[in-house]
Structures are given as C-alpha cells and as structure tokens.
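Step one of this worksheet: look at the structure below.
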Amino acid sequence: MGLAIGLVGQGWFPDVGGVESHTRELAGELAARGHRLHGLALDTAEGGTPYALAARELEGVEVARMAYRYQDHGALADLVSNPRTEAVLVAWARARRLDLVHVHHPSGWGLSILPALRALGLPAVMTLHDYWALCPRGQMLRTDGEVCLRATPERCAPCLRATWPHLMPSGAGERRGPRGESLAGDEDAARAREAFALDCLRAARRLFTPSQATRRAYAEAGLAPESIEVVENGVEVEALAREVARLRPLEPARNELRLGVLGTVLPSKGVLELARAALAADVPGLVLEIHGGQPSYHGDTRYVEELRALCAREPRLRLHGPFTHDQLAAILARLDGVAAPSRWNEVFGLTVREARAAGLPVLVSSAGALADVVADGQAGMVVPAEDPAAWQAALRRFADAGQRATWAAHARRPRTTRAMALQLERAYAEVVRSVRGRLPRLAFVPGTDEPTPAGPLAFLRRWLGRG
C-alpha cells in the first residue's frame, strides 16, 4: 500500500540545513499517510570509497549515502553532468522499485539525473529550493558582492573563474561542455552549462518551488511558467508554538531586548550589514543574537572573519554556532523578534516563518519572497534591502514595546508541513498516474483525508486510472 518515494538531496538529517529539515519533515508526513520513503544523500566524510553506498534506517526512513567528495570534477560541466553519480542513483532507484523520485538538491549528483530517470521510465520531480540550476554558486551573488537579477554568460564567466579556476577553460579546467562539446572559453562554458541545466529541468515531470518570486526568476531564464507549481514550504506550526510557549516563562528576567538572526552566515544573508546597522542605531538594551554556522563561501572566509572580529569587540553582538532543529524552540523562547536582512533574492525565508509560528515579530529585507511573511506590515516590517539607514530606523521601531506587541498579536500563522505534504502527495499521484496509467493502492485519496475505497470496484477504478 502507498507509493514508494525516493527523496534525493545533497544532505539528510542529522545534517544541518533548511533543505535537510524540509525533507525530514516531509518524509514524516508522507510516511504517516502510508507511503514508503527512501532517502539518498552524499557522505562527504574522508576515507570512504568513492561512489560506495551505505544505508541505514533513520526515523522510519531508509537513508542511503554515497561516499563522495567532488573528487572527479575536471570541468565546469561536471557540476551538472556526472555519469558515475548518475549510475549510482539510477541503480539505487531500480533496486528499491520506486514509484517516483523527488529531487531536492542535485549538488554532487548533477542535473543529468533528471533525463536519466525519464529515460528509465521512472517519474521524477524536483523542487527548486534555490538558484543553483541558473547559478552554480546557488544564490545569484557575485564574488564582488553584487546581487544578480539574471545569470548571463557574460556576467557569470568572471565570477565562476574567480570561484573555480580549476574548472574553467582559462584556468586548469578541461575545454568540454556537458554534452561533450568543445568550448572556446569561459563564456562558452557558462553558456553551455546553463543551457544544459535548463534542458535537464525540462525533463522533470513536474517542477516545484516555494514562492512566486522564484517561479518568476526561472520563467525569465526560459522555463515555461506552467511547468512550475508553487508549493509553499510548511512549518511545524503547532508543535513549535507549544514548545516555545512552554519554555518562555522559564527564561530568567532580563532588561535587554533580543533580536535574533538564524541560519548559516553567508555574504548573501546580510548579517554583517545588520550588525553594523545595529551598532549605528544604538538602541538602548538592544542585543543582536546570531545563531548559525559560519562556513567559507566557496572558499572565501573574509566575510565571516570580519563578522567574528566585530562581535569580539562589541558585547551587543553575540555570535553563536550552528544549531539543530531540535534546539530551535529554546532559541526562539529567548528572543523578542527575528530578522532576515538578506541581500540575495531569498527563495522562501524559513527562519522568519518559524519565528512567526512561535508568535514573534519579524524584520525582513525586501529581497525575494521574504516580504510575504509580514502580512502587509501586520506581523513586522519590510526593510529595503541593503539600505543601512532604513535598517537603523526599523531597529528603532522594533524597540517600541507596543509596536512589537501589535506585530506579535497578528493571528495568521505560516502554512503547516501537513498542508504542504498533501499538496505534494496530490502532485505525486497525478505524475505517477500520467506515466504509469494507474496508481497502487493508497490509504487516502491523494491530497485529502478521505480513505481510499476498498473492494473490487475500487481496484478496477485504480486500474483504469480513475481513482
């Protein structure tokens, strides 16, 4: 009973990250509805035999990991097309007799897995969680700090050359494209990679993305808008709200006002810029609590080093390390609000939606899909991206206790994980039926709480594709 569903990504819980949290929660919801879940991710630890798979069960999901450290990349094309990893994924899907594969992030696997699965006759769908298919750096942010509204070969080539000189024709990279074609230079490499990536996306039976803003960006790049369905990510609303409400009264009394920034610290996230604005605003008692990993950005550590130095000098800035999803409620219970000062065109903005689930007001930049969460100013403020004076003014307004209470009282909460899972389940069923002509027996009518009818007539309806 139920669909056999494969969820593919770069990582899997307990790896830390928004996509990892998303797939974990999605898998739990789908399993509760009778589906069989299989996860596939990378194992980037040292010492593994390249391409070898090791599987174990995690929270009722069989999770296989492939040992891989990007050791076989010799050209820019290898980011999107890799026959070795493609073969591992296809063999994994075949062995588990999957009904459908949902790709969440193909970094390390390559986008060529989508046409490979289609050739196999196995339905594949993909969620566009970021701009990786358009920009190999993922966030449309150049090495010089400029945000791109559109990836073009002319703009991409210098940026990619600075990021991965060993993959580019002007450096040590091989002069071959993803289809084996010969390349004249770096712009040719960037052009061939993007054209191939878009063709691979067209091989998916269905594309999803969490926001209209991201849908528009991919449509402008050349994908048919009707091929992309907006599926807003879900948040564990009730459980998170209950736990934060339980923990908040246990916090000791304090005189300071705490604004949190949650998530990995990257140049695209604008955390350093917000820290500077907080110091310049000089709001009495305001403390900026920064929670998240502080990795290099494609090998460049200057941004996080500058943030660390600033936080070391200023007690009003507190820099914490990465946190797990299980620690989120305790962090939110200690805060008075959450900010997302992103500079890039944010695809969704999970952390501020989690803050709203916990009843906290939010301050967000105008970049991408973040503005959606403030409910037209009723739950917080939208601040022009990369405008220090505007952020200083927003922080002063945040300091008004009455304003914070009004924002916090706004009743609308984010979409639940369950609502998201039901929408995806309905889409899965439509895709499987269109490819296979029928569905296996399901516990519920896809996307609803209605039990699936039983008996000979119900079997005939499934066989004919009508139920």
- Pair A401, A309: separation of 7 Å Cα→Cβ label points (nm): 3.9
- Query: In a solvent-free Debye calculation with one equal scatterer on each Cα, what is log10 I(q)/I(0) for the range 279-319 at q = 0.14, 0.23 Å⁻¹, listed in the order of the q values?
  - Reply: -0.36, -0.80
- Task: Take the alpha-carbon positions of the range 237-409, form their convex hull, and give its projected area averaged over all directions (one quarter of the hull surface) in nm².
- Result: 9.4
- Per-residue HN-Hα couplings for the range 229-243, Karplus 6.51 cos²θ - 1.76 cosθ + 1.60 at θ = phi - 60°, whole Hz, x for Gly and Pro? 9, 7, 10, 5, 4, x, 10, 6, 4, 5, 4, 5, 4, 4, 5
- Item | Interatomic Cα distance distribution for the range 194-265, bins of 10 angstrom, percent | 14, 29, 21, 18, 13, 5
- Message: If I model a spin label as a point 7 Å beyond the Cα along the Cα-Cβ vector, how far apart are those points for L247 and T324 in nm?
- Response: 1.3
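With only alpha-carbon atoms in the gyration tensor, what are the semi-axes of the equivalent ellipsoid for the range 119-246, in Å, largest first?
Working: eigenvalues 207, 80, 36 Å².
Each semi-axis is √(5λ); the values are 32, 20, 13 Å.
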- Run the quick spin-label model on L120 and R179: label points 7 Å from Cα toward the beta carbon, then report their separation in nm to one decimal. 2.4
- Which ordering of D387, D186, D282 is given by a fewest-first count of other beta-carbon atoms within 10 Å? D282, D387, D186
- Query: Give me the log10 of I(q) over I(0) for the chain at q = 0.10 Å⁻¹, as the Debye formula computes it from C-alpha points; what are the numbers?
  - Reply: -0.78
- Message: As a footprinting exposure proxy, order H22, H320, H38, H325 by other Cβ within 10 Å, with the fewest listed first.
- Response: H320, H325, H38, H22
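For the range 61-139, what is one quarter of the convex hull surface built on the Cα atoms, given in nm²? Numbers along the way, then the final one.
Numbers: hull surface 22.4 nm².
Mean projected area of the Cα convex hull: 5.6 nm².
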- Sort the following peptides by mean Cβ neighbour count (other Cβ atoms within 10 Å, averaged over residues), highest first: 294-307, 167-180. 167-180, 294-307
- Task: Please list the equivalent ellipsoid semi-axes of the range 12-99, computed as the square roots of five times the alpha-carbon gyration tensor eigenvalues, in descending order and whole angstrom.
- Result: 25, 15, 13
- Whole-Å semi-axes of the range 252-312's equivalent ellipsoid, largest first, each the root of 5 times a Cα gyration tensor eigenvalue? 24, 13, 9
- Message: Cut-off is 10 Å between beta-carbons; in what order do W407, W92 appear when sorted fewest neighbours first?
- Response: W92, W407
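May I ask you to derive the FRET efficiency for E430 and V230 from their Cβ-Cβ distance with R0 = 25 Å, giving the value to the nearest 0.05?
Values: r = 16 Å, r/R0 = 0.62.
Once rounded, the FRET efficiency stands at 0.95.
Just so you know, all these numbers are worked out from the coordinates, no wet-lab data involved. Given the structure is predicted, the values throughout are model-derived calculations rather than measurements. Neighbour counts are summed over all protein chains in view; Cβ atoms, including those assigned to glycine, are modelled from backbone coordinates with ideal geometry.
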